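Student: Submitted below is the structure of interest, expressed as structure tokens.
Since every read-out is calculated from the coordinates, none of them should be taken as a lab result. Since this is a predicted model, take the numbers as computed values, not measurements. Glycine gets a Cβ as well: all are built from the backbone with ideal geometry, and neighbour counts include every protein chain shown.
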Amino acid sequence: MSILDSRPALKAAVWQVAETAGYLWTKGWAERNGGNITVNVTEYVDDGMRELPAISEAFPIGVELPQLKGCWFYCKGTQKRMRDLARDPMANGSIIRITDDCAHYEIVADNLVMPTSELPSHLSVHNYLLAKGSPYRASLHTHPIELVALTHSKKYMEKDVATKLLWSMIPETKAFCPRGLGMVPYMLPSSVELANATISAIDDDYDVVMWEKHGVFAVDTDIMSAFDQVDVLNKAAQIYISARNMGFVPDGMTEEQMQELSDVFGLPK
Ligand SMILES: [Zn+2]
């Protein structure tokens, strides 16, 4: 028996996470237990599920997040591997509900899997998104090789330098990652400072935020869409590297060509 039984919409959302986790592993972006995923699944929770007893005590989140009252999340488990989650999402992740004080969570799931240690920062982002009225329900942290490599150069850490380079490699990059890549300087993983800097980059109108010498953090309506934004950006970085490996610096599309895309397709930037 699983709490996903007879809840097809919830089951589909959890298995979309599993499918995405498999892609992260296949792409080489999820070594060991690297990366995190959290998805706000509140809309798929029915009355019967709301009445289920928790299988854990209530754990403090560490912060009070008023927008999350009554919210439910699927979270990758701490120390769990994406490649294992791809096969068995309920043994390598769990569903949690936020208690009414908005400062604790309890596990309501098939197995007692503690959520990712990044939970406070992920939940802070979800709290921010809800406060803003955003339709985004999924957040993803992963280590895309070529994008991380770019951040080892100060030049690409400057505002929108990497964005313009990546957009100019292939038109679809701007079409499918239309807000570009926000840049956050190196900060200690899991720190409150990194979480706050990430929220402020999202607030600066980016869906994908680059953490210098570490990885990306992406938000979107669902986890596959968040993955897709990272995937198109990383593909553009690979094209740039391929051209450099062929011995030349790629010309890139012109400013006019990129502006034309925005005008014709109504892109936000
Ligand atoms: Zn990481």
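Student: Among the lysines, select those whose C-alpha is under 20 Å from the C-alpha of K69, and discard any that sit fewer than 8 residues away in the same chain.
Tutor: Qualifying lysines at Cα under 20 Å: K132.
Student: Can you tell me the 0 to 90 degree angle between the C-alpha axis of helix 8-26 and the longest principal axis of the chain, rounded to 10?
Tutor: In the chain, helix 8-26 runs at an angle near 40 degrees to the longest axis.
Student: Once the piece of chain linking L112 and N196 is laid out straight, how much longer is it, given 0.36 nm per residue of separation minus the C-alpha distance between them?
Tutor: Extending this stretch completely gives an extra 27.3 nm.
Student: Explain nothing, just compute: Karplus ³J(HN,Hα) = 6.51 cos²θ - 1.76 cosθ + 1.60, θ = phi - 60°, for every residue of the range 214-228 in order, whole Hz, x for Gly and Pro.
Tutor: The phi angles translate into 9, x, 10, 10, 10, 10, 6, 4, 9, 6, 5, 5, 4, 4, 4 Hz.
Student: Rg/Rh for the range 99-205 to two decimals, with Rh computed the Kirkwood way over all alpha-carbon pairs.
Tutor: 1.02
Student: For every other residue with a beta carbon closer than 14 angstrom to the beta carbon of Q257, add +1 if it is Lys or Arg and -1 if Asp or Glu, then tell me the sum.
Tutor: -4
Student: Moving on. Using all C-alpha to C-alpha distances in the range 122-171, build P(r) with 10 Å bins and read off the rounded percent in each one.
Tutor: In whole percents, the pair-distance histogram is 20, 31, 39, 10.
Student: I'd like the projected area of the chain, averaged over all directions, using the convex hull of its alpha carbons. Report it in nm² with one decimal.
Tutor: Result: a mean projected hull area of 14.3 nm².
Student: Calculate, for T42 and K159, the FRET efficiency according to 1/(1 + (r/R0)^6) with r their C-beta to C-beta distance and R0 45 Å; round to the nearest 0.05.
Tutor: Rounded to the nearest 0.05, the efficiency is 0.85.
Student: Using θ = phi - 60° and the Karplus relation 6.51 cos²θ - 1.76 cosθ + 1.60, list the HN-Hα couplings for the range 45-50 in order, rounded to whole Hz, with x at every Gly or Pro.
Tutor: 8, 9, 4, x, 6, 4
Student: Per DSSP helix of 4 or more residues, -39500 (n - 2.57); summed, then divided by the residues of the chain. What does that give at 222 nm, rounded to the nearest 500?
Tutor: Value at 222 nm, helices only: -12000 deg cm²/dmol.
Student: So which residue, out of N196, N245, N92, gets the largest mean-square fluctuation from a GNM of the chain using Cα contacts under 10 Å as springs?
Tutor: N245
Student: Another one. What residue among S121, A149, S134 has its Cα farthest toward the positive end of the dipole of the range 121-185, where the charges are +1 on Lys, Arg and -1 on Asp, Glu, each on the Cβ?
Tutor: Value: S134.
Student: I would also like to ask the following. Suppose R0 equals 25 Å. What FRET efficiency, 1/(1 + (r/R0)^6) with r the Cβ-Cβ distance, do I241 and A91 give to the nearest 0.05?
Tutor: Rounded to the nearest 0.05, the efficiency is 0.10.
Student: I'd like to know how the range 153-217 sits against the 2.2 N^0.38 Å rule of thumb: what's its Cα Rg over that expected value?
Tutor: In units of the globular-protein estimate, the range 153-217 measures up at 1.10.
Student: Also, I was wondering about something else. Would you pull out the residues with amide H under 5 Å of I61's amide H, same chain only if 5 or more places away, H placed 1.01 Å from N?
Tutor: H104, Y105
Student: Full-extension gain between D204 and I145, please, as 0.36 nm times their residue separation minus the C-alpha to C-alpha distance.
Tutor: Working it through step by step, the gained length comes to 18.8 nm.
Student: While we're looking at this one, here's another question. With a cut-off of 16 Å, note down the residues of the range 31-55 whose backbone N falls inside the zone around a label point 7 Å from the Cα of D100 toward its beta carbon.
Tutor: Inside the label zone: 50-54.
Student: To continue, here is another question. Please determine, in degrees from 0 to 90 and to the nearest 10, the orientation of helix 119-131 with respect to the longest principal axis defined by the Cα atoms of the chain, where the helix direction is its Cα long axis.
Tutor: 80 degrees
Student: Sticking with this structure for a sec: Hey, with R₀ at 25 Å, roughly what FRET efficiency would L188 and V63 work out to, going by the Cβ-Cβ distance, to 0.05?
Tutor: 0.90
Student: At A12 and E172, where each label point lies 7 Å from the Cα along Cα→Cβ, what is the point-to-point distance in nanometres?
Tutor: 2.4 nm
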